[in-house]
Amino acid sequence: MYKAGDKLDDYEEICGHRIFSVHVANVLDIPMNRISDFDRDYLLEGKLNIVPFLRLLGRKGYDGYLTVELFVEKDWEQDPSKVAKRAYESVVNLIKLV
């Protein structure tokens, strides 16, 4: 959504009940033209405010899965269980804001 240049209003016509799963990721604070898959960040730690998008999904009737995927190099050398816990906590904390 962000890298494609989409705006929140572009998603007003979605049908939440027809969506099975939503993949969410944040992005490091770097110029958009330099962003790659490896520049993702934890949901509440990146430069994007994801809350309005999730609120829109809720208004549209979405009540399904949220998945998070990280390709952050600094995490590759960390204990996988700690990285998974941090990712899980980022989803839980994001949902609390929605």
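The values are calculated or read from the model by the stated rules, or taken from the named source; none is laboratory data. What you are looking at is a predicted structure, and each value in this text was computed from that prediction instead of being measured. Note: ideal-geometry Cβ built from the backbone for every residue, glycine included; neighbour counts use all protein chains shown.
Given the criteria of a type outside the set (Val, Ile, Thr) and in contact with a strand residue (DSSP E or B) (Cβ under 6 Å, 6 or more places away or on another chain), does His17 qualify? Quick ask: steps written out before the conclusion?
Working: of a type outside the set (Val, Ile, Thr): yes; in contact with a strand residue (DSSP E or B) (Cβ under 6 Å, 6 or more places away or on another chain): no.
When the stated conditions are applied, His17 does not pass them.
Can you tell me which residues in region 14-44 are loosely packed, with under 14 Cβ neighbours inside 10 Å, part of a loop (DSSP other than H, G, I, E, B) and at pLDDT 85 or above?
Start the filter on region 14-44 by keeping residues that are loosely packed, with under 14 Cβ neighbours inside 10 Å, which leaves 15, 17-18, 20-21, 23, 29-34, 36-38.
Filter once more, keeping what is part of a loop (DSSP other than H, G, I, E, B): 15, 20, 29-31, 36.
Result: Phe20, Asp29, Ile30, Pro31, Ser36.
Which of the residues spanning region 45-58 are surrounded by fewer than 16 Cβ atoms within 10 Å (Cβ to Cβ) and touching a residue at least 24 places away in the same chain (Cβ under 8 Å)?
So the first thing to find is which residues in region 45-58 are surrounded by fewer than 16 Cβ atoms within 10 Å (Cβ to Cβ), and the list is 45, 47, 49, 51-52, 55, 58.
Hits for region 45-58 are Glu45, Val51, Pro52, Arg55, Gly58.
Got a number for residues in region 59-77 being without any contact (Cβ under 8 Å) to a residue 24 or more places away in the chain and surrounded by 12 or more Cβ atoms within 10 Å (Cβ to Cβ)?
Of the residues in that region, 1 qualify.
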